[in-house]
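K.L.:
There's a structure below that I have some questions on.
Every number here is computed from the coordinates shown, using simple stated rules; none is lab data. Keep in mind the model is a prediction, meaning the values are calculated, not measured. FYI the Cβ positions are ideal-geometry reconstructions off the backbone, even for glycines, and counts take in every protein chain you see.
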Amino acid sequence: MPQIIVYVHDKRVSLGVVLTIYRGALLKGKDKSEAGRKLRVTKPSVHALPVLTCSRVRVVHLTESAPLRYFACSHSPIELLTPQCFLGHVGNIDFANCETKLRVAITQVTKDQLDKLQCQPELLSAPATVAADGDGAHLESADVQLHSERRIYSAVDFTNSIQGSKNLEKFLLTVPKLWSDKGVPITDESGCIVLQGGKSLQWFHICKRAPEYFDIAYSGSAKNFGRFVVGQMSQVLPEGDFAAAKSRLYRLVGKIDGDFKKGIALLRMSNIAYRKPAPAKSRCGVPAGNDRDAGEAATDRLADDDRHADEGGNDRDADEVGTDQDACKQTKQTESPPVRGERVIVCL
C-alpha cells in the first residue's frame with residue numbers, strides 16, 4: 001500500500017504519495033555546538049525511517065479529480081520536501097493501480113480536516129487533531145509523527161553487548177503497551193504481570209533480568225545471538241493467535257524468573273569455599289605432622305644437636321653467634337604461622 005501524506009507547500013495543504021526517502025547525517029561544525037550542525041551527507045534509504053532521521057522526501061502530488069477522489073500519473077508534479085513540511089499521513093485509504101494512473105479515495109472525515117486546515121492557516125503551527133470515522137480512517141497528528149519514539153529493531157540491535165542489553169530492555173518496556181493497544185492488557189495498574197498460579201512479578205524487573213537469561217539460554221555463535229533474540233521476541237508479540245502468543249509470553253517470563261533464581265543460588269554456593277590447610281613446616285625446617293613417633297624422633301635429634309653445640313660453643317666467635325641470631329630472626333619473619341590442630345616442632 002502506498003503511503004499517503006499530508007504536507008504544506010507554498011501555503012497549500014495537499015496530499016501526496018511518498019516515492020523516495022533520504023537519510024541524512026548532521027555533522028557538527030568547528031565550534032562543536034548544535035548551531036553549527038549542517039547537513040553534509042544525504043543518501044536514499046531502502047528501509048522505513050523515523051521522520052527525525054529523514055533529510056529529504058520525494059513526493060508525487062495527488063490531484064483531486066472528484067469529491068473524495070484523487071489521482072497521480074507520470075505528468076503529476078514531483079516535489080522534494082523536508083520533514084518540517086509534513087502534517088501527518090492518512091491511514092485506511094482505498095487505492096487502485098491502472099496502466100497510467102494511481103487512484104486514491106479518502107473518507108469524508110479526512111476531507112473535512114484538510115479543508116479546516118486550509119481555511120485556518122493558524123492551525124498549521126499547532127498539532128493536528130486525530131479524526132476517526134466508523135471505518136477507522138484517521139488523519140494522524142503531526143506532533144505524534146514528528147516526536148514519536150517508536151523504533152524498528154533488528155538483529156544488529158540485540159548483540160551480546162552492553163548496548164544490546166540496553167536495547168533489549170527498552171524494547172521489553174514497550175511490550176505491555178503493544179498488548180494494551182490490542183485490547184489485551186498483560187500488566188495490572190501497579191505494573192505487575194500475574195503468571196499462572198497467582199505469582200505476581202514486576203515487569204520492570206523482568207526487563208532487567210532478560211539480557212542475562214538470553215545470554216545463558218543461547219549456546220550458538222556470537223554472530224547469531226541477535227537473530228536468536230529477535231526470534232524469541234517475535235513469538236510473544238500480539239500478532240496472529242493472541243491466546244497462543246500470550247501463553248508463550250507467560251512461559252518466557254517464567255523462564256526468566258526461574259533462571260534468575262538459579263543464578264542467585266549458584267552465586268551463593270560459589271561464595272562458600274573449603275580450603276584444606278597446607279602442611280606446615282617448623283621454623284627449623286622439620287615438617288610438622290600428626291605422627292607422634294616422627295615428632296619424638298625429631299625432638300631427640302634436636303636435643304642431641306643442642307648438646308653437641310653446647311660442648312663446642314666456647315670455640316665459636318661472638319661474630320658467628322650474632323650471625324646465627326640474625327638468621328634465626330629472619331627465619332621467624334619469613335615462615336608462615338602454624339595451623340591450629342597440628343603439631344609443630346619449634347627450635348629455640
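K.L.:
So which of K11/K43; K199/K255; K223/K246; K170/K199; K43/K166; K177/K208 end up more than 21 Å apart, counting from Cα to Cα?
P.N.:
Cα-Cα > 21 Å for K11/K43; K223/K246; K170/K199; K43/K166; rest within.
K.L.:
Using the number of other C-beta atoms within 10 angstrom as an exposure proxy, rank C207, C73, C98 with the fewest first.
P.N.:
C98, C73, C207
K.L.:
Another question, if that's okay. Is the C-alpha gyration tensor of the stretch 155-270 telling us rounded, prolate or oblate? Criteria: a/c under 1.5 is rounded; beyond that, a/b larger than b/c is prolate, otherwise oblate.
P.N.:
oblate
K.L.:
Taking the Cβ of C85 as the center, what net charge do the other residues with Cβ under 13 Å away carry, scoring Lys and Arg +1 and Asp and Glu -1?
P.N.:
Around C85, the surrounding residues sum to +2.
K.L.:
When the Karplus curve 6.51 cos²θ - 1.76 cosθ + 1.60 is applied with θ = phi - 60°, which whole-Hz ³J(HN,Hα) does each residue of the stretch 230-237 get, with x for Gly and Pro?
P.N.:
Couplings: 4, x, 5, 5, 5, 7, 10, 8 Hz.
K.L.:
Okay, next question. Within 10 Å of each residue's Cβ, count the other Cβ atoms and sort S180, S76 from fewest upward.
P.N.:
S180, S76
K.L.:
Pick out, in residue order, every one of the GluC sites (Glu not before Pro) in the stretch 55-101 that is DSSP loop and has at most 13 other C-beta atoms within 10 Å; say none if there are none.
P.N.:
Answer in residue order: E99.
K.L.:
Another question, then. For the pair C98 and I78, how long in nm is the line joining their label points, each one 7 Å along Cα→Cβ?
P.N.:
Inter-label distance under the simple model: 2.2 nm.
K.L.:
Still on this structure, please answer the following. Using Cβ counts within 10 Å as a stand-in for footprinting exposure, how do E239, E169 rank, fewest first?
P.N.:
E239, E169
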